[in-house]
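Down below is the structure, laid out as structure tokens.
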Amino acid sequence: MMQDQIPENKRPYEQAYFPAKPNKFVLFMHTFLPWQIIRFAALNLKIVRLLMKGH
Amino acid sequence: MWISNEQFLGDLGMGAMHLEQGGYTMHSKSFAESIFAERDIRWIVGAHVKQVEAGKVEYELLDSTFHEQSFDFAMLIPPFAGQEMKAFDASGEDITSTIFAPSGYMKVDADYTPKPYAEWSADDWPKKLQNPTYSNMFAVGIAFAPPHQISQPRKSPNDTLITPAPPRTGMPSATMARAVAENIVDMINGVSDTPTRTASMAQMGAACIASTGKDFFTGTAAAMTVYPVVPDYAKFPDTGRDQSLTSGEVGLGAQWIKHTLHHLFIYKAKLKPFWSVIPE
Ligand SMILES: Cc1cc2nc3c(=O)[nH]c(=O)nc-3n(C[C@H](O)[C@H](O)[C@H](O)COP(=O)(O)OP(=O)(O)OC[C@H]3O[C@@H](n4cnc5c(N)ncnc54)[C@H](O)[C@@H]3O)c2cc1C
């Protein structure tokens, strides 16, 4: 593909060329209910620990 | 397009943070750039917005070059600013400079000695949020004068300071407010002559949930936790932070937390039964 067919910021050496991008599995896990229920619980726990340290 | 005075994306006004991702301890620059690139948002950093006109914003970069960005819709967040208040003592003498820093924020028990970035320490940050001259004056949240920024300050050759102000988000602001309110109650009731509780931003954490899609089943949010807000390199030499409490992730679970906090805080603001047990 010619470079001018790629959006400008995604071409080689442009800013969006460098960052890590999530693959399909990672994107799927972002909204996969069983995993997100675990993450919800884990995040709540982390926030409670933060509250206990700072108060 | 995202325009920011941060030195890099993910600085967040607190000199960035490190988080665990995929087996690596990663800098928040990588985390933020990944989120922006995934969502096709471009960014201009190290930029100071000079002027906004209909459909056009003008900004200065760190090299003192000036640029323009056109827009159909823009959301601008002005920099934090103190109030232009004047203070006078009982005899009518102007005591503004005793109470307020030149920025308009109230002076509290911070170390305001000007020093270079390399000498900044977590200890510079105020603990009791009490004015050193007038012991019955306190300032919390955005109102207190920070000793300095948290991010490394940078200036353009034109002498324009291009650096984000220290964030004083809801959680730290409310934590300070509670500690100070309880101290004032004790001082009024004669329990103590001086404040006994402390709430330094160098000894407290913060959680920030940024929504990236609000649907209850397909939405996501970026959840970030950090401890302490002001990095303490004496205690945590590697990253300035306790990495077991400093994290960032994107997901639906974080969006549920955003929903939960939304309802909890509105409930609390309405002072409904047991509101006071809801944490800040
Ligand atoms: C767009 C935006 C989004 C944000 N999102 C989040 C978020 O998702 N999570 C989070 O934790 N934080 C968030 N914050 C930050 C959070 O809102 C603030 O940090 C917090 O409200 C600061 O609390 P405060 O009490 O210090 O100041 P404020 O909430 O600003 O309270 C100051 C009060 O003083 C009053 N006042 C000002 N001048 C005078 C005067 N002369 N006389 C009398 N009263 C006066 C003002 O009207 C105001 O009510 C956000 C901020 C903004 C701007």
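The values are calculated or read from the model by the stated rules, or taken from the named source; none is laboratory data. In this text the structure is predicted, and so the values were computed from the model without any measurement. Glycine also receives a Cβ, built like all others from the backbone with ideal geometry; neighbour counts cover every protein chain displayed. Please note that ligands, DNA and RNA were not included when accessible areas were found on the heavy atoms of the full protein model with its side chains. Shrake-Rupley method; radii C 1.70, N 1.55, O 1.52, S 1.80 Å.
Worth pointing out:
- Restricted to region B:231-280, and to residues there that are away from chain A (no Cβ under 14 Å) and of a type in the set (Val, Ile, Thr), the residue that is least open to solvent (accessible area, probe 1.4 Å) is B:THR239.
- Selection of region A:8-30 for residues being within 8 Å of another protein chain (Cβ to nearest Cβ) and open to solvent by less than 50 Å² (accessible area, probe 1.4 Å) yields A:ASN9, A:ALA16, A:PRO19, A:PRO22, A:MET29, A:HIS30.
- In the set (1) aliphatic (A, V, I, L, M); (2) within 16 Å of the ligand (Cβ to nearest atom); (3) away from every other protein chain (no Cβ under 14 Å); (4) more than 24 Å from B:TYR233 (Cα to Cα), B:ALA110 fails one condition alone, (4).
- Filtering B:GLY219, B:GLY205 for residues that are within 13 Å of the ligand (Cβ to nearest atom) and in contact with a Gly (Cβ under 8 Å, 6 or more places away or on another chain) leaves a single hit, B:GLY205.
- Qualifying residue in region B:149-165 (condition: within 16 Å of the ligand (Cβ to nearest atom), more than 30 Å from B:ALA118 (Cβ to Cβ) and either out of contact with any Leu (no Cβ under 6 Å at 6 or more places or on another chain) or within 13 Å of chain A (Cβ to nearest Cβ) (or both)): no
- Pairing each residue of region B:99-125 that is free of Cβ contacts under 8 Å to residues at least 12 places away in the same chain with any residue that is not in a loop (DSSP other than H, G, I, E, B), provided the two are 6+ apart or on different chains, yields no C-beta distance under 8 Å.
- Residue check, B:ALA122 within 16 Å of the ligand (Cβ to nearest atom) and over 30 Å from B:GLU60 (Cα atoms): no
- Residue match in region B:246-261 (condition: among the small types (Gly, Ala, Ser) and assigned to a helix (DSSP H, G or I)): yes
- Conditions (1) facing chain B (nearest Cβ under 8 Å); (2) surrounded by 14 or more Cβ atoms within 10 Å (Cβ to Cβ); number of the one not met by A:ILE38: (2)
- In region B:1-56, the qualifying residues are those that are aromatic (Phe, Trp, Tyr) and over 26 Å from B:SER70 (Cβ atoms), and the one that is surrounded by the fewest Cβ atoms within 10 Å (Cβ to Cβ) is B:TYR24.
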